[in-house]
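The values are calculated or read from the model by the stated rules, or taken from the named source; none is laboratory data. What you see is a predicted model, and the numbers here were worked out from it, not measured in a lab. Ideal geometry is used to build each Cβ from the backbone, glycine not excepted, and the neighbour counts take in all protein chains shown. Ligands, DNA and RNA are stripped out before the accessible areas are found, and what is left, the full protein with its side chains, is counted by its heavy atoms. Shrake-Rupley method; radii C 1.70, N 1.55, O 1.52, S 1.80 Å.
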Amino acid sequence: MNAAVSFIDGKSPAGSQLDNLNQWVTEAAALTQPDHIHWCDGSDPEYAALVQQMQADGTLLPLNPDTHPDSWLHRSSPSDVARVEHLTFVCTPERDAAGPNNHWMSPADGHAQMDALFAGCMRGRTLYVVPYCMGPIDSPLARCGVEITDSPYVVANMRIMTRMGAAALARIEREGSFVKGLHSIGELDPERRFIMHFPEELTIKSFGSGYGGNALLGKKCHALRIASHQARREGWLAEHMLIVGIENPQGEVHYIAAAFPSACGKTNLAMLIPPQSYREAGWKVWTVGDDICWMRPGADGRLYAINPEAGFFGVAPGTSEKSNPNALASIQHGTIFTNVAVTDDNQPWWEGLDKRVPAKDWQGRDYDPANGPAAHPNSRFTVSAKQCPSYSPRAEDPQGVPISAIVFGGRRASLVPLVFEARDWTHGVLVGASMGSETTAAATGAVGVMRRDPMAMKPFCGYNFADYFAHWLSFDQPGAKLPKVFHVNWFRKGEDGQFLWPGFGENLRVLEWMIERVQGRAEAIEAPIGLLPKPGHFNLQGVGMTAETLADLFKVDPDAWRDEFDEISEYLRSYGPAMPDELCAEAQRTLAALS
Ligand code: O2Y
Ligand code: MN
């Protein structure tokens, strides 16, 4: 360790199982040359001290303490406001292991490139050691990691988003293994920014960004890219899915895992409020997670899932009393807001929240519509899941929750009906593998461009998609009681350009049909693309939908679907010979049924 290093509090923990960790911290400190090292214990006083320090140096700005107590605004560097897929790499010895779905570099080149950036980068800074657990601390499905970072903002966010501190360190000491994440904000220079993953070494190196998925390494880097790789080896699934519990009037709760591409309303669905008639009948919705789901087969053959996260890093624009009252209730206190605007009385504000006019935009300038939106389109709130009124008590269950249905979905203005069911598991895997979604202005600036995003994992799968689909297919074993698989599209439009389906709370009607299918109570009719609700078996009472709109919502146009499946087949083939034949054959079966 460098002689200049002093421990500002605590000291490196003892225990032979922690030798590995201590050695890695020593090596990281020797490389990055911090002035101080701080081992995070995750305590309240530690969080308070960090917040105070960040307030003093302007990293955090206090928000109105009367309306938003214990809440803070962080303004990131204007060139550091989102994930950077083009700078994100998976470093495996063989290029094929990472697949065409990832940017690839050899581990040797990756380490050399990153270590050159890290050399001396923490001079004058504190190196924080952040032990964390992804998942309930006593869950056999949970996994631990340690993030080394020079960003107190990252530490504060990790404390909200993960089980961070002493308990995680104790688990690491018991287990001896953990994911290593080395992070520095560097100079926040987009030209010197990389996020690299070394799945074989359970290692992440991230440099040059302090934002979201680039910097909170427990989230996308660990819980999806590294974990998906680990999950393949160990026989489980690490997925980009929300988990929601639907309680019917009989008090039975069915848990649903759902994958949608980024910016398709996962948080809204996870926190759905039932329509009034459903509430009156006794329906309830329980939020387990809004972004990531780890699932594995239980002794009874069903898939059991945990949410590895402990908080929500939700997108602020569009969050409102109409779209997501539970999210809004969650963020009234104890929340870190990043890149939102503020009102003249210093309350956080974003487009779609309400009709007030903001005073300052996300960069702290006087609000001027000529400068674009007041809140950055990717502005965020970070909040503990425990603050969500619909947070499920089963979210902390170490054994996880049994999954009754898996839902795939995308944003498609045409072609794709509101809901259909896959014929079986293999067809379900094809439905997930062929998922596509149209981009929104918020996501890319280019509107309406259709992108394939299999299982919503395109930016997050830590290995070759062909192997990933084979892994999914491998769960169909004798004795397995796999969930039914469905596809939804909340975004189909009519000829007038208006959405055909009201969405939001009304989406519960679709989930109700799925649950009734699982229970064998609702009927379906066969279409070439899958099973559609049989008229009379899908509750539309009170929606006020015309027969014509209903027909448009569920219409399957064979000619257009044939074109879609030609494209899907070509897409699958683009992954080369490793693509499972079973999946290609399934696509051919659908194509034949469409002829
Ligand atoms: O830009 C970022 O780093 C945030 S991306 C994100 C954040 C929370 C949940 N999901 C996502 C995503 O892109 O899927
Ligand atoms: Mn996500």
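Over the chain, Cα pairs under 8 Å with separation of 6+ residues give a relative contact order of 14 percent.
How would you classify segment 334-420 from its alpha-carbon gyration tensor, with a ≥ b ≥ c the square roots of the eigenvalues: rounded for a/c under 1.5, else prolate if a/b is greater than b/c, otherwise oblate? Could you put the intermediate results ahead of the total?
On the way: a/c = 3.50, a/b = 1.54, b/c = 2.28.
Taking the square roots of the gyration eigenvalues as a ≥ b ≥ c, segment 334-420 is oblate.
Helix 44-56 and the long axis of the chain differ in direction by around 80°, with both axes built from C-alpha atoms. Mean separation of Cα pairs under 8 Å and 6 or more residues apart, divided by the residue count, gives segment 157-260 a relative contact order of 17 percent.
Take the Cα of Glu191, step 7 Å along the line toward its Cβ, and report every residue of segment 96-134 whose backbone nitrogen sits under 16 Å from that point. Inside the label zone: 117. Most simply put, the chain has about 65% antiparallel DSSP beta bridges, counting only bridges with both residues inside it. Is the shape of segment 491-573 best called rounded, prolate or oblate, per the rule: a/c under 1.5 gives rounded, else a/b larger than b/c gives prolate, else oblate, with a ≥ b ≥ c the square roots of the Cα gyration tensor eigenvalues? Because a/c hits 1.5 or more and a/b fails to exceed b/c, segment 491-573 counts as oblate.
To the nearest ten degrees, helix 152-161 and the longest principal axis of the Cα atoms of the chain are 40 degrees apart. Measuring r between the beta carbons of Glu200 and Gln477 and using R0 = 25 Å, the FRET efficiency lands at 0.40.
Go through Lys266/Lys355; Lys322/Lys493; Lys205/Lys322; Lys266/Lys555; Lys322/Lys360 and tell me which ones have a Cα-Cα distance over 28 Å in this structure.
Working: Lys266/Lys355 24 Å; Lys322/Lys493 20 Å; Lys205/Lys322 40 Å; Lys266/Lys555 25 Å; Lys322/Lys360 24 Å.
Violating the 28 Å limit, Cα to Cα: Lys205/Lys322.
The aspartates and glutamates within cross-link reach of Lys284, meaning a Cα-to-Cα straight distance under 15 Å and a gap of 8 or more places when in the same chain, are Glu247, Glu252, Glu506, Glu512. Compute the angle between helix 507-518 and the longest alpha-carbon principal axis of the chain, please, reported from 0 to 90 degrees and rounded to the nearest 10. Here the helix axis deviates by roughly 70 degrees. The peptide list 295-301, 565-571, put in order of mean Cβ contacts within 10 Å with the highest first, becomes 565-571, 295-301.
Could you please state, rounded to a whole Å, how far the C-alpha centre of segment 402-426 is from the C-alpha centre of segment 435-513? The two parts, judged by their Cα centres, are 7 Å apart. For the chain, give the percent of accessible area contributed by carbon and sulfur heavy atoms, probe 1.4 Å, rounded to a whole number. C and S fraction of accessible area: 51 percent.
Taking the charge dipole of the chain about its Cα centre, with +1 at Lys and Arg Cβ atoms and -1 at Asp and Glu Cβ atoms, the residue from Trp350, Pro317, Ala166 reaching farthest to the positive side is Ala166. Of the peptides 161-172, 486-497, 136-147, 546-557, the order by per-residue mean of other Cβ atoms within 10 Å, starting with the highest, comes out as 161-172, 136-147, 486-497, 546-557. Residue ranges 56-63, 188-195, 88-95, 476-483 sort as 88-95, 188-195, 56-63, 476-483 when ordered by packing (mean number of other C-beta atoms within 10 Å per residue, highest first).
Note on the chain: helix-only mean residue ellipticity at 222 nm, from DSSP H runs of 4+ residues weighted -39500 (n - 2.57) and normalised by residue number, equals -8000 deg cm²/dmol.
By its C-alpha gyration tensor, with a ≥ b ≥ c as the square roots of the eigenvalues, how is segment 83-180 shaped: rounded for a/c under 1.5, else prolate for a/b larger than b/c, else oblate? Oblate is the answer for segment 83-180, as a/c is 1.5 or above yet b/c matches or exceeds a/b.
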